[in-house]
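All of the numbers you see were taken from the coordinates with simple rules; none came from a lab. Predicted model, so just to flag it, every value in this text is computed and none were measured. We place every Cβ from the backbone using ideal geometry, glycine too, and count neighbours over all the protein chains shown.
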């Protein structure tokens, strides 16, 4: 690609809760080998708060397009039902704040669960 075709993108990173049974990292309870457990209501609140922060940072940097994902629903084993609901709850407040809001939800051919859940919960926002 020619340099004249390059364009800049902003990248925002934010960790999802690591809910693996054996997380094996120092950011979890105790020595990092204990599973973090929480109620779905607590997980929902965390995801809503973090997604709002991500969107507010993007707005503060004048981003017009944001690409989001199934935050924590892969290796960190966050419940996709909860994460999709949090996305639905928060996104409705930002529909007119961005030119484009996209969800890139990975799924393998063998397991489309995450994609189907996000598609169901966000279908009202798809045009």
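Taking every residue in region 61-81 that is without any contact (Cβ under 8 Å) to a residue 12 or more places away in the chain and pairing it with any residue that is surrounded by 21 or more Cβ atoms within 10 Å (Cβ to Cβ), at least 6 positions away or on another chain, yields no pair with a Cβ-Cβ distance below 7 Å. For residue 56, state whether it is within 20 Å of residue 16 (Cβ to Cβ), without any contact (Cβ under 8 Å) to a residue 12 or more places away in the chain and in a helix (DSSP H, G or I). Yes: the conditions hold for residue 56. Within region 100-121, the set of residues being closer than 12 Å to residue 69 by Cβ, touching a helix residue (DSSP H, G or I) at 6+ places or on another chain (Cβ under 6 Å) and part of a helix (DSSP H, G or I) comprises 114, 118.
Inside region 33-53, residues that are exposed (fewer than 14 other Cβ atoms within 10 Å of the Cβ) and in contact (Cβ under 8 Å) with a residue 24 or more places away in the chain make up a count of 2.
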